[in-house]
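The values are calculated or read from the model by the stated rules, or taken from the named source; none is laboratory data. As the structure is a computational prediction, the values presented were derived from the model and not from experiment. Cβ coordinates were reconstructed from backbone atoms using ideal geometry, including for glycine residues, and neighbour counts include every protein chain displayed. Just the protein is used for accessible areas: all its heavy atoms, side chains included, with ligands, DNA and RNA removed. Shrake-Rupley method; radii C 1.70, N 1.55, O 1.52, S 1.80 Å.
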Amino acid sequence: MKRSRSARTSSRNVADTHLLARVLELSRLMNDQQPLDVLFQAIVEAAVASVPHAERGSLVVREDDAYVFRAAVGYDLQRLRSVRLAPDDPVVVRQQPHQVTRLSDFTQFESHLRPEDREIMRTAGATQDIRASIVAPIFVDGRHYANLLLDNLHTSAPFPADADPLALFFAQQAGLLIQQRLLLEHLRTTQAQLIQSEKLAALGQLVAGVAHELNNPLNAIIGFSELLLLSDLSSENREAAEYIRDAGRRMRDIIGNLSLFAQQQRGGRGRVRLDAVIHQAVQLKRAALRLGGIEVQI
């Protein structure tokens, strides 16, 4: 009797050690900033290896108005990715935290599927071979985010009692890890937006400085060309002076538009002249449009 109790204790210690190792591996993947799909796959693999009687598994994630497969063990994930499960399907129905659902009858499940999805689930998901399943909900930031499905293909007997808390444990750990990963991705996106805003602000300062430096010589060019036009010029010289004046005015308008772009103004409501806005936009794009063989007529 003592030997048997010692053997059970030793076996439990080994299982606990393996469970801890898998949890640490999941944490390492999160810290390594692996893609979410890599983390999803690691969660399913760890759960299948740890939950008693779990032989295969998958993870479905809510995307828009349907649930899709994002990870699988023992199934053809590439084919399962095209299946879209409705929110009222038995395997993805929203559940309460800390509560698993056990499934044994998949007839009702298949009735929710489109014919093409039903065929994929039978050939790539082996639904006809599944005898028993545990569905554990994954919540992220208090909202139902995904479901962890663990399947047994050999017996319809219920999963052992310790399967439920283990499945919930991995679902809860998955929720925490996914929440941290999504938060990190949000922070990276926000940081990139801030960097872009700083670049635009620096560009605006540069444009304002360049516009200021160009305005003075342009005013001189326009002024002297207008003085020339007051003189007695030949038709050829008058045409050249008019060209210089018009080109200078066009450059002055472009620089004015760039100065408007460079100004950091607060948003608000007010009256605007739409024709002026259109002309400013066309002036800024005129050169690029000309290179593209596009002529704008206003």
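Conditions tested, residue by residue: (1) more than 30 Å from Y145 (Cα to Cα); (2) loosely packed, with under 15 Cβ neighbours inside 10 Å; (3) in contact with a Lys or Arg (Cβ under 8 Å, 6 or more places away or on another chain).
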site: Q193; (1), (2), (3): no, yes, no
site: E198; (1), (2), (3): yes, yes, no
site: L218; (1), (2), (3): yes, no, yes
site: D232; (1), (2), (3): yes, yes, no
site: N237; (1), (2), (3): yes, yes, no
site: G248; (1), (2), (3): yes, no, no
site: A281; (1), (2), (3): yes, yes, no
site: V296; (1), (2), (3): yes, yes, yes
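Name the pairs whose Cβ atoms lie under 9 Å apart, with the first residue in the stretch 239-256 and over 10 Å from I222 (Cβ atoms), the second of a type in the set (D, E) and open to solvent by 70 Å² or more (accessible area, probe 1.4 Å), and 6 or more positions between them or separate chains?
A241/E226
Residue under question is R122, and the condition is that it be in contact with an Asp or Glu (Cβ under 9 Å, 6 or more places away or on another chain) and free of Cβ contacts under 8 Å to residues at least 24 places away in the same chain; does it hold?
yes
Please go through the stretch 141-153 and give me each residue that is open to solvent by 20 Å² or more (accessible area, probe 1.4 Å) and assigned to a strand (DSSP E or B), ordered by number.
R143, H144, Y145
Which one of these does A161 not meet: (1) part of a helix (DSSP H, G or I); (2) farther than 20 Å from I43 by Cβ; (3) small (G, A, S)?
In the conditions (1) part of a helix (DSSP H, G or I); (2) farther than 20 Å from I43 by Cβ; (3) small (G, A, S), A161 misses (1) alone.
Being within 20 Å of R84 (Cα to Cα) and open to solvent by 20 Å² or more (accessible area, probe 1.4 Å) is the filter here, so list the residues in the stretch 111-138 that pass it.
Listed by number, the residues that qualify are S111, H112, R114, P115, E116, R118, E119, I120, R122, T123, Q128.
Quick test of your reading of the structure: Q180 fulfils all but one of (1) farther than 18 Å from Y67 by Cα; (2) modelled with pLDDT of 85 or more; (3) assigned to a helix (DSSP H, G or I). Name the failing condition by number.
All conditions are met except number (2).
Regarding Q172, is this residue closer than 20 Å to P52 by Cα and in a helix (DSSP H, G or I)?
yes
Please specify each residue of the stretch 66-80 satisfying the condition of being within 15 Å of N147 (Cα to Cα) and surrounded by fewer than 19 Cβ atoms within 10 Å (Cβ to Cβ).
If the condition is that a residue be within 15 Å of N147 (Cα to Cα) and surrounded by fewer than 19 Cβ atoms within 10 Å (Cβ to Cβ), then A66, V68 are the ones that fit.
Going through the stretch 231-249 one residue at a time, which ones are among the acidic types (D, E) and not in a loop (DSSP other than H, G, I, E, B)?
E236, E239, E242, D246
Can you confirm whether Q78 is within 18 Å of the chain's Cα centre (by Cα) and not hydrophobic (A, V, I, L, M, F, W, C)?
no
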